[in-house]
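Derivation of every value follows stated rules applied to the coordinates shown; laboratory data play no part. Please read these numbers as outputs of a predicted model, since none were measured by experiment. Counting neighbours? That spans all protein chains shown, and the Cβs are built from the backbone with ideal geometry, glycine included.
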């Protein structure tokens, strides 16, 4: 499936803005007192970005830009779920062994690196006009 819209579609710019908001959350996490993943899933820029994804998702359905929206949404929700799971797993370890804080911190670092990778990979692919591998791996390619 190929996107019928021209390469200068306003939706391409819109998708760049969403990546920029996610990248801003990552930057805030790196430079501020928050963690990368904490800033990504709880920071206002990423929350705005995900809302923007959901608002325009129907406009890009079935196109190469749709794969970017799915990629961005999946990144947000998977990061949130990973941190919640890390918190649930770490809580008993804090009480029992005192190792829960270290376990949670390691999970936050790993998920933070994963978030950076996902934002960078997606944004670079968008710049090159490529779709993202989402779902069953049969993402539409842009010729």
_Within a 10 angstrom radius of the beta carbon, how do 121, 127 rank from fewest other beta carbons to most?_
127, 121
_Net length gained if the chain between residue 78 and residue 47 were fully extended (0.36 nm per residue, minus Cα distance)_ = 9.8 nm
*What is the extension gain from residue 59 to residue 113, computed as 0.36 nm multiplied by their sequence separation minus the C-alpha to C-alpha distance, in nm to one decimal?*
16.4 nm
*At residue 9 and residue 30, where each label point lies 7 Å from the Cα along Cα→Cβ, what is the point-to-point distance in nanometres?*
3.0
*Order of 90, 9, 25 from fewest to most other C-beta atoms within 10 Å?*
9, 90, 25
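When Rg is the radius of gyration of the Cα atoms in region 10-127 and Rh is its Kirkwood radius, what does Rg/Rh come to? Intermediate values should be presented prior to the final figure.
On the way: Rg = 15.5 Å, Rh = 14.7 Å.
Reported Rg/Rh (Cα atoms, Kirkwood Rh): 1.05.
Which whole-number percentage describes the relative contact order of region 10-127, with Cα contacts under 8 Å and a sequence gap of 6 or more?
Working: 119 pairs, mean separation 36.8, N = 118.
It rounds to 31 percent for region 10-127.
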